[in-house]
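**Q** Take a look at the following structure, please.
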Amino acid sequence: MSGGDVPPEAKSAMSSNLVVAMWAGSNVALSVSLVTINKIVMKTYGFTFVLSLTLCHFIATTIFLEAVTRFKLFGSSVKHMETKDNWLTAFCGVLSIAFMNFSLQANSVGFYQITKLCIIPVVLTIEYVKARKTVSYRVLVSLSLLLLGVGIATVTDIQLNMKGCMYAVVAVLTTAQFQLWQGSKQKQHGLSAIQITHSIALPQTLITLASVVVVEPNVTSHTFSSNYVDVALIVLTCLIAMVMNVTSFGLIGKTSAVTFQVVGHAKTCLIIASGFIFFPPTYFSANEIKNLFGLFVAILGMVLYGHIKTVDQRRSNGDLSPDCLDSFLPDPKFKGPATSQMQDEESQPMAKAEGEAEGE
């Protein structure tokens, strides 16, 4: 093989990493945009009906993906999960969105941030309990740094109440389970990101519609602004949400629920960092220094996580070259060339001694 040739495994890994980067980048950009515009719609224009807004997003997603799959756009076609899996996954997704919003309304911002930080440990726990799936201690170290940093940077006031705690527990459990199903059901039924999003879009729409009738019946009495700017913004959120839903399934399908959460925390760090970059304070208070320190720790955890996952993938493809982390975070499953060479050198005298003994 010439120096310029790239092994097929390496090409496949590079292509896969590029796809993941595209899914992650688009998901972060769309998510930040959606959150920002949703806040404008709710706070500036007074449209505080969270479930109704979510219903609009699901309706837009259903119509868009119905057209995409029916006309076989983007190489996609109509393919559904089994009815039970379809409705169960859709119901779990709606519960996740609803109770995350209920938790935000019933709890302080600090406790809500802690709720989001709990999702990764719960995902890991569910995977271990159900499938005895574990992650390496190197990954746990990187995730611990990430969660610690995000916690330092975002958690401020913590106020507890029974109702808010109940909302938070349901929100964490349903979100963790939904994100696990986003990946596992996709692989189990052989669906693409577009197909599985389309498969659960109509059930999610119907479930949310029923929830709106029960929880937000007064949405019909809401008065929109005379220039209909709020209506235009709601339409814009629908357009963003229907693409973001596909990128969420695409990212989880290519990676895992844990990586999806890491990308979500990266979004949080990006928002905090952009605030310091575009609106730098005249002087740094103790709280801002704390936020910067937390941001630094979180970014360190994210970079470490990404590096470890890349190295693990490379080694699973047969590349046994040493890594810079091996000296202070050794991988117990990895035996590099140096280790193998030492073992060979140690085994040679033993083999020689055994041969001499047999000769005698």
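The values are calculated or read from the model by the stated rules, or taken from the named source; none is laboratory data. In this text the structure is predicted, and so the values were computed from the model without any measurement. We place every Cβ from the backbone using ideal geometry, glycine too, and count neighbours over all the protein chains shown. Heads up: the accessible areas ignore ligands, DNA and RNA and are worked out on the full protein's heavy atoms, side chains in. Shrake-Rupley method; radii C 1.70, N 1.55, O 1.52, S 1.80 Å.
**Q** Name the residues of the stretch 128-162 whose amide N is less than 14 Å from a point 7 angstrom out from the Cα of Gln188 along the C-beta direction?
**A** 130-131
**Q** Note the listed values (1) 129; (2) 142; (3) 227, then indicate which one is volume of the Cα convex hull per residue in Å³ calculated from this particular structure.
**A** (3)
**Q** With a 1.4 Å probe and every protein chain left in place, work out the accessible area per residue of the stretch 22-101 in Å², rounded to a whole number.
**A** On the way: 4050 Å² over 80 residues.
Per-residue value: 51 Å².
**Q** In addition: Too long at a 24 Å Cα-Cα cut-off: which of Lys163/Lys185; Lys163/Lys267; Lys130/Lys187; Lys84/Lys116; Lys39/Lys187?
**A** Working: Lys163/Lys185 32 Å; Lys163/Lys267 28 Å; Lys130/Lys187 17 Å; Lys84/Lys116 28 Å; Lys39/Lys187 35 Å.
Table pairs above 24 Å Cα-Cα are Lys163/Lys185; Lys163/Lys267; Lys84/Lys116; Lys39/Lys187.
**Q** Compute the accessible area per residue over the stretch 174-303, keeping the other protein chains in place, probe 1.4 Å, unit Å². Walk me through the numbers before you get to the answer.
**A** Numbers: 6100 Å² over 130 residues.
Per-residue accessible area for the stretch 174-303 comes out at 47 Å².
**Q** What's the extension gain from His307 to Val129 if we count 0.36 nm per residue and subtract their Cα-Cα distance? Before the final figure, lay out the partial values.
**A** Numbers: separation 178, 0.36 × 178 = 64.08 nm, distance 2.70 nm.
Taking His307 through Val129 to full extension adds about 61.4 nm, to one decimal.
**Q** Sticking with this structure for a sec: Where in the chain are the helices, taken as whole DSSP H runs, whose Cα atoms extend 24 angstrom or more along the long axis and whose Kyte-Doolittle mean reaches at least -0.5?
**A** Details: long enough: 8-39 (46 Å, 0.61); 50-70 (30 Å, 1.40); 83-106 (34 Å, 0.67); 137-154 (25 Å, 1.82); 162-188 (38 Å, 0.01); 193-215 (31 Å, 1.57); 229-254 (37 Å, 1.87); 257-278 (31 Å, 1.48); 286-316 (45 Å, 0.35); 337-359 (32 Å, -1.33).
Helices meeting the criterion: 8-39, 50-70, 83-106, 137-154, 162-188, 193-215, 229-254, 257-278, 286-316.
**Q** On to the next question. Working out 0.36 nm times the residue gap between Ser225 and Cys165, then minus their Cα-Cα distance, what length gain in nm do you get to one decimal? If you can, show how the numbers build up before the last one.
**A** Numbers: separation 60, 0.36 × 60 = 21.60 nm, distance 3.60 nm.
So the chain would gain 18.0 nm between Ser225 and Cys165.
**Q** For the chain, give the percent of accessible area contributed by carbon and sulfur heavy atoms, probe 1.4 Å, rounded to a whole number.
**A** Details: 13190 of 19630 Å².
Whole-percent figure for carbon plus sulfur exposure: 67.
**Q** Along the Cα→Cβ direction, 7 angstrom out, place labels at Leu236 and Asp326. What is the inter-label distance in nm?
**A** 5.2
**Q** On to the next question. Which of these, Ile271, Ile200, Ile152, has the largest mean-square fluctuation under a Gaussian network model of the chain (Cα springs below 10 Å)?
**A** Among Ile271, Ile200, Ile152, the largest GNM mean-square fluctuation belongs to Ile271.
**Q** What ranking do 201-209, 280-288 get when scored by the average of other Cβ atoms within 10 Å per residue, highest first? Display every interim value, and only then the final one.
**A** Numbers: 201-209: 20.9, 280-288: 8.8.
Answer by packing, highest mean first, reads 201-209, 280-288.
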